[in-house]
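Presented below is the structure to which this report refers.
The values are calculated or read from the model by the stated rules, or taken from the named source; none is laboratory data. Bear in mind that the values here come from a model prediction, so they are computed numbers and not experimental data. Here the Cβ is made from the backbone with ideal geometry for all residues, glycine too, and neighbour counts use every protein chain on show.
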Amino acid sequence: MDTRTAFITTAVLLGLLAPACGDDSPCANVDCAGHGDCLEVSGAAVCTCDEGWYDDGPTCAESPVCDATNCMHGACSVDRDLLTCACDVGWAGAACDTCDAGYVPSGDACISEAEAQCGDPDAFEWRDAVMYFAMVDRFYDSDGLVDPVEGATGDDGFGSSGQYEGGDLAGVTAKMGYLADLGVTALWITAPFENRNSRGRGTNDPRWYSAYHGYWPSPADIDYTDPADPDPRPAVEDRIGTEADLTALVTAAHGAAGADGHDVKVLFDYVMNHVDIESGLLAAHPDWFIADDGGDSVLCAPKNLWDDPYWGTRCAFANYLPAFDFYQDEPLAWSIADVVWWAKAFGIDGYRLDAIKHVPETWLTGVRSALDAAMPDPAGGRFYLVGETFNYDRRDFLKSFIDPDTKLDGQFDFPLKKRLCEGVFGTAGLQTLSAWMDTNDGFYEVEGASKRSVMTTWLGNHDVPRAIHFASGQITDCARGSDNGNSWTDDYPQPEQAEPYERLGVAFAVLMTSPGVPLIYYGDEIGLAGGGDPDNRRMMVWDDAALSAPQLALRANVRALARARGQNKALSRGVRTTLTVNASTWVYRMGGCGDLASDVIVAINRGDVPVDVAIPEGGYTDLVTDATQAGGNLTLPARTFRLLRAD
């Protein structure tokens, strides 16, 4: 029964309907717009209208029609002349075409602010990662064999050495279980490519060095006419292993169970600025490299050309390391092909790009484009490219190299390293650190980029003195690097007291509970001692009996922090909210993930005396001890931290 029939039947039953006849009938001049019949009801003309039309006193007017444009993301309904939309969850507006309060756009969808901030907690994201840098030659010797370079300066008796010491790729593979248990989810290894076979002088240094560090690449004259089958095949540095050893390492990492529920990702160090002077590539293509009128490399150091707007991307680091001329098409294409080949041949997940400011932007954009094309479905939605730009203060300069769509995903956060050191170990204090970190969170995001920027945060690396000596107060300048005064010396013994290791643990607590990919430089988990390069590259200690109780306690804390980060996404994806802070204590919440991940309260005491701090009321689980904790007053012993997950 249609609407009009129902109206007539009801009117008849109620005795309201009268015949419409004669010239004096109310319906005499009513035609209902041709879409209905006129009936007299209680002496008045009433139109009984067709489907899609309604009585509009007395005529039939057309009702609006629902179509795809009326309610973009919702259900449309019509009542007489009124079209209404019942919007889907997350959508609002008269046409359901804007995001509701608490929701934000994401492509063609509106997602909750929590989901936008924190994503899918079960999916791998690079911002969850904990990175470990293993300098292969100094990490673990699997076979007791070493192939030294003639004439290179050996161990001085205190740990400094310019010689190969025997660590190998198989040694890294042998310790994969250790790394996974430590909470490592991304492994960065030194450049595994064939390197210089003879010794080389250090800068302003009378000693001789080998290429144990991987930064003196010496490729043959490799022809990349067929990018998938170069001739000859690029070679792995034979002093650290074979191609099969490198494949086994990557396979072992990808087969390991990380604390984040995913496998361990692998990054290679890639050195693109130069080749060794003995390289077959240089011999075959000398015109691909920068030289002065006399045929010599233009050195960066003597005239301080490191940041020169012209020579900064052309100067050489040493007279035996001629720099590529990437302003020419042929060497640029060769280098990009080489980058892609190593990535695809070994199935790695990212690169650490050495000294990125010393190559033109065209190299970086070309590499990003080529990698995106060659590896269209990388883990976490990106083949992670992180650059090294050694600058502690120029955040805008570091950011200029970042764009996850076209350039780097992030950089090593040198400015954060300096402020974290000053805030935890120095006199600046946690209040100053807190305020600065609030400005740093999100600083490197690029407007319009399809992905977030992901910085790598750190306390120690292979270019600066070991972190334990900053924590002990032996080094007070948090920007101090390696120099002739701290590199070959016995002045940096292993600290004996517990306090430096506890302070280093506190600094790791801040690092592991903040945005970015926190880095553990091999040995920093045990507070390994060492001054500047190469003293900061001592052999890793594997005998627990040789470690002190404070070293073992530090390693246990680093492990607990790394594993907590992997298992609690609020620590890696959440937003920091400071609850209380002063010079010595800092209590903050990492949260904003809603039902996707519980908030975590982080409480820090860098001071040398116990203190009481307040945490919000409620029930908590300690992520280090698994004990329960009530809200309210919390006592923090000296140089300690607590991670409390809200229940």
*Any chance Asp491 is among the acidic types (Asp, Glu) and either more than 29 Å from Thr203 (Cβ to Cβ) or without any contact (Cβ under 8 Å) to a residue 40 or more places away in the chain (or both)*: no
*Limited to the range 262-290, what total is found for residues that are aliphatic (A, V, I, L, M) and in a loop (DSSP other than H, G, I, E, B)?*
6
*Got a sec? Which of Ser572, Ser598 is at pLDDT 95 or above, surrounded by fewer than 24 Cβ atoms within 10 Å (Cβ to Cβ) and in contact with a Lys or Arg (Cβ under 8 Å, 6 or more places away or on another chain)?*
Ser598
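This table checks each residue for (1) part of a loop (DSSP other than H, G, I, E, B); (2) touching a residue at least 40 places away in the same chain (Cβ under 8 Å).
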{"site": "Thr578", "(1), (2)": "no, yes"}
{"site": "Asp595", "(1), (2)": "no, yes"}
{"site": "Ser598", "(1), (2)": "yes, yes"}
{"site": "Ile604", "(1), (2)": "no, yes"}
{"site": "Tyr620", "(1), (2)": "no, no"}
{"site": "Gln629", "(1), (2)": "no, no"}
{"site": "Ala638", "(1), (2)": "yes, yes"}
{"site": "Phe641", "(1), (2)": "no, yes"}
*So Ala6 clears everything in (1) at pLDDT below 90; (2) within 60 Å of the chain's Cα centre (by Cα); (3) over 30 Å from Ile111 (Cβ atoms); (4) of a type in the set (A, V, I, L, M, F, W, C) except one condition, right? Which one?*
(2)
*Matching residues, the range 452-489, being more than 20 Å from His213 (Cβ to Cβ) and at pLDDT below 95*: Gly485
*Output the residues belonging to the range 606-618 that are touching a residue at least 40 places away in the same chain (Cβ under 8 Å) and surrounded by fewer than 22 Cβ atoms within 10 Å (Cβ to Cβ).*
Asp608
_Matching residues in the range 273-299 - criterion: being in contact (Cβ under 8 Å) with a residue 40 or more places away in the chain and buried (at least 19 other Cβ atoms within 10 Å of the Cβ)_ = Asn273, His274, Val275, Asp276, Ile277, Ser279, Leu281, Leu282, Trp288, Phe289
*Take the residues of the range 202-248 that are surrounded by 20 or more Cβ atoms within 10 Å (Cβ to Cβ) and among the aromatic types (Phe, Trp, Tyr): which is farthest from the chain's Cα centre (by Cα)?*
Tyr209
*Restricting the search to the range 209-229, which residues are over 26 Å from Asp137 (Cα atoms), touching a residue at least 24 places away in the same chain (Cβ under 8 Å) and in contact with a strand residue (DSSP E or B) (Cβ under 6 Å, 6 or more places away or on another chain)?*
none
*Is it the case that Gly157 is under 27 Å from the mean Cα position of the chain (by Cα) and not β-branched (Val, Ile, Thr)?*
no
*Go through the range 221-262 and count every residue that is within 19 Å of Asp147 (Cβ to Cβ) and either modelled with pLDDT under 95 or not charged (D, E, K, R) (or both).*
8
*asked:* For Asp372, only one of the following conditions fails: (1) within 27 Å of Ala235 (Cα to Cα); (2) surrounded by fewer than 23 Cβ atoms within 10 Å (Cβ to Cβ); (3) touching an Asp or Glu at 6+ places or on another chain (Cβ under 8 Å). What is its number?
replied: (3)
*Identify, please: which residue in the range 42-63 is loosely packed, with under 15 Cβ neighbours inside 10 Å and of a type outside the set (A, V, I, L, M, F, W, C) and is, among those, nearest to Val30 (Cα to Cα)?*
Gly57
*Quick check, is Gly34 modelled with pLDDT under 90, more than 60 Å from the chain's Cα centre (by Cα) and loosely packed, with under 14 Cβ neighbours inside 10 Å?*
no
*May I ask you to list pairs of residues, at least six apart or on different chains, whose Cβ atoms are under 7 Å apart, with the first in the range 101-124 being touching a residue at least 24 places away in the same chain (Cβ under 8 Å) and on the phi > 0 side of the Ramachandran plot and the second being polar (S, T, N, Q) and surrounded by fewer than 16 Cβ atoms within 10 Å (Cβ to Cβ)?*
none
*Could you tell me whether Ser400 is among the hydroxyl-bearing types (Ser, Thr, Tyr), over 30 Å from Ile336 (Cβ atoms) and either more than 18 Å from the chain's Cα centre (by Cα) or at pLDDT 95 or above (or both)?*
no
*Among all residue pairs at least 6 apart or on different chains, which show Cβ distances below 6 Å where the first residue, located in the range 423-441, is assigned to a helix (DSSP H, G or I) and modelled with pLDDT of 95 or more and the second is surrounded by fewer than 19 Cβ atoms within 10 Å (Cβ to Cβ) and of a type in the set (A, V, I, L, M)?*
Gly429/Ala583; Gln431/Ala583
*Report the residue count in the range 78-92 for those that are acidic (Asp, Glu) and not in a loop (DSSP other than H, G, I, E, B).*
1
*Are any of the residues in the range 270-292 of a type in the set (Ser, Thr, Tyr) and either outside the structural domain of Tyr224 (by TED's automatic domain parsing) or over 21 Å from Val236 (Cα atoms) (or both)?*
no
*the range 93-128, residues that are surrounded by 18 or more Cβ atoms within 10 Å (Cβ to Cβ) and part of a strand (DSSP E or B)*: Cys99, Tyr103, Cys110, Ser112
*Return yes when Tyr392 is of a type outside the set (A, V, I, L, M), under 24 Å from Gly574 (Cβ atoms), in contact (Cβ under 8 Å) with a residue 12 or more places away in the chain and assigned to a loop (DSSP other than H, G, I, E, B) and no when it is not.*
no
*In the range 291-305, the residues that are within 34 Å of the chain's Cα centre (by Cα), within 19 Å of Gly200 (Cβ to Cβ), modelled with pLDDT of 95 or more and in a loop (DSSP other than H, G, I, E, B)*: Cys300
*Pairs only if they're at least six apart or on different chains, beta carbon under 7 angstrom, first in the range 24-42 and farther than 13 Å from Cys60 by Cα and not assigned by TED's automatic domain parsing to the domain that holds Asp55, second in a helix (DSSP H, G or I) and of a type in the set (Phe, Trp, Tyr); list them, first residue then second.*
none
*Can you pull out the residues in the range 372-386 that are touching a residue at least 60 places away in the same chain (Cβ under 8 Å), at negative phi and either among the hydrophobic types (A, V, I, L, M, F, W, C) or not in a strand (DSSP E or B) (or both)?*
Ala379, Arg382, Val386
*asked:* Among the residues of the range 46-77, what is the count of those that are outside any loop (DSSP other than H, G, I, E, B) and at pLDDT below 90?
replied: 0
